[in-house]
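Taken together, the values in this text are just the output of simple stated rules run on the coordinates, not laboratory data. Bear in mind that the values here come from a model prediction, so they are computed numbers and not experimental data.
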Amino acid sequence: MSLCLENLTILNHNGEPLFTSLDLAISNGEIVTLMGPSGCGKSTLLDAIAGHLTPEFQCSGNIVLNGKLINDLPAHHRQVGILFQDDLLFPHLSIWENLAFALPNAIKGNERKSRALKALKEISLSKLADSYPEQISGGQRARISLTRMLLAEPKVALLDEPYSKLDKELRVQFRNWVTEQLRKANIPALMVTHDIDDKPEDSRCVLWPWESQNVR
């Protein structure tokens, strides 16, 4: 699996470029960190990859996932997983129900609950199965969020400042755990951040400005 961005350019509502001619290739099992200040287009880039770019922006160039051009595919057909700053768990669903919700539609009936409970066991959070998001800690919600994303079997993972709302000690623990889980999933991952400490060890980092960078 791989994610390739080819000659990617994004213009804002005034027709001004956020960045131009970005070439980036990420192979399976690799995590690339994109660093830059607020407002430089980091989250907008993730929106473009995921298919959530709003009409005020113009995107040109190619977004290729596993050899397939996905520029014109709707978001729900791209198989892109996203981890945000906020956990975005459904408050009215229990933890196991939140996980089961993410499973592919091909998994039916009781098998959905079985898969969700198995996932909780693998991350040592089985005791939370019947709890609700408001009843568990921020760190636990963060782990549940990543697990839910991976249960959807995405072909690429995007991470948008995923550690920014965690306290310092928890941030270090969660960051290491996320890196381990993503590499275990063996899919390409792109993380955007403004904090160099978020960069996993032994991984590539792309720095703003990105114009005309070829970072294959």
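Per 5 Å bin from zero, what fraction in whole % of the C-alpha pairs of the range 93-153 is there, up to the bin with the longest pair?
4, 21, 35, 25, 11, 3, 0
Student exercise: in the chain, how many lysine pairs 8 or more apart or on different chains have Cα atoms under 24 Å apart?
Lysine pairs meeting both conditions in the chain amount to 26.
Given a cut-off of under 8 Å on Cα pairs at least six residues apart, what relative contact order in percent is computed for the chain?
Relative contact order here is 35 percent.
Before rounding to the nearest 500, sum -39500 (n - 2.57) across all DSSP H runs of length at least 4 in the chain and divide by the residue total; then give [θ] at 222 nm in deg cm²/dmol.
Estimated from H runs of four or more residues: -9000 deg cm²/dmol.
I'd like the antiparallel share, as a percent to the nearest 5, of DSSP beta bridges with both residues in the chain.
Approximately 45 percent, going by the DSSP bridge assignments.
Which whole number of Å³ per residue matches the convex hull of the alpha-carbon atoms in the range 71-194?
Taking only Cα atoms, the range 71-194 has a hull volume of 116 Å³ per residue.
When Rg is the radius of gyration of the Cα atoms in the range 131-216 and Rh is its Kirkwood radius, what does Rg/Rh come to?
Ratio value, two decimals: 0.99.
Counting only C-alpha contacts under 8 Å and six or more residues apart, can you give the relative contact order of the range 93-153 as a whole percent?
Relative contact order comes out at 53 percent.
Give me Rg/Rg_expected for the chain, where Rg uses Cα atoms only and Rg_expected = 2.2 N^0.38 Å with N residues.
In units of the globular-protein estimate, the chain measures up at 1.03.
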